[in-house]
Amino acid sequence: MKFLVDNADIQKIKEVYRIFPMDGVSTNPSILAASGRQPFDVLKEIREFIGEDSDLHVQVTGITADIMLQDAEKIRRELGKNTCVKIPVNEEGLVAIKELRKDSTARITATAIYTAMQAFLAAKAGANFAAPYVNRIDNLGANGIETAKKIQDIFEMNDFETEVLAASFKNSQQVLELCEYGIGAVTLAPDVIHGLIKNDAVSTAINAFNADFEKLCGKGKTMKDV
Ligand code: G3P
């Protein structure tokens, strides 16, 4: 399972990368707006940090397929070959996905997915990833985890190479359930990523080990000093 950071704050991205085994970065227009910076300034900074071989997912913003394709062209030109163009799955989005798929080198992430049918159609149209919004689906009174699992099953049953890139998470349990299911990728906000390993019991155990060692060898001593 690939792990992506869903954010455009370069300091937060660097801190997550320092600690966790990460595979890339995803953004959307709202995330870019939160940065308060010009989109391609911040995106180029992220690309430079993660390197040209890592996945960077960047969303088009147009309403028509034609504008989406123009956005896609600029995103790919400015941000390099491993940039996945995120296209929302409505009717115009499907037109754009089919058209962009004519270029076999294009990497396409179908996004704004709330139903398994959207994901099926996006995969059939040629998307490389499909991004169900787990927490937003839950907030509609449906089941985001079950939707993501169903999409994974549909892809397997239809021999699609499209991978699930689950997005919109609130907590570690949602992430773990998809780890157990072997989902292709998840993209997580920095606070959700830090929460994955936050555990008072672990901190207590580590502190007790260190205190016992200092009792034996002296304050501030570690194995390198003895
Ligand atoms: O990029 C789409 C998705 O990650 C949105 O997440 O937390 O805004 O529901 P969220």
Could you check, for the range 188-199, whether at least one of its residues is open to solvent by 50 Å² or more (accessible area, probe 1.4 Å) and farther than 21 Å from residue 167 by Cα? yes
Out of everything in the range 3-31 that is under 14 Å from the mean Cα position of the chain (by Cα), within 14 Å of the ligand (Cβ to nearest atom) and hydroxyl-bearing (Ser, Thr, Tyr), what residue ends up being nearest to residue 163 (Cα to Cα)? 26
Looking only at the range 32-45, and only at residues there that are surrounded by fewer than 18 Cβ atoms within 10 Å (Cβ to Cβ) and of a type in the set (A, V, I, L, M, F, W, C), the one that is nearest to the ligand (Cβ to nearest atom): 34
Specify which of the listed residues (106, 65) is crowded, with 19+ Cβ neighbours inside 10 Å, more than 26 Å from residue 189 (Cβ to Cβ) and in contact with an Asp or Glu (Cβ under 7 Å, 6 or more places away or on another chain). 65
Which condition does residue 126 not pass, out of (1) farther than 27 Å from residue 192 by Cβ; (2) open to solvent by 60 Å² or more (accessible area, probe 1.4 Å), if it passes all the others? (2)
Can you run down the residue pairs with Cβ atoms below 8 Å, 6 or more apart or on separate chains, where the first is in the range 73-96 and on the phi > 0 side of the Ramachandran plot and the partner is outside any helix (DSSP H, G or I) and surrounded by fewer than 21 Cβ atoms within 10 Å (Cβ to Cβ)? 80/52
Qualifying residue in the range 14-23 (condition: open to solvent by 30 Å² or more (accessible area, probe 1.4 Å) and closer than 25 Å to residue 74 by Cβ): yes
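The values are calculated or read from the model by the stated rules, or taken from the named source; none is laboratory data. What you see is a predicted model; the values in this text were computed from it and never measured. Here Cβ is always computed from backbone atoms with ideal geometry, including for glycine, and neighbour counts include all displayed protein chains. For the accessible areas, the whole protein counts, side chains as well, though only heavy atoms, and no ligand, DNA or RNA atoms are used. Shrake-Rupley method; radii C 1.70, N 1.55, O 1.52, S 1.80 Å.
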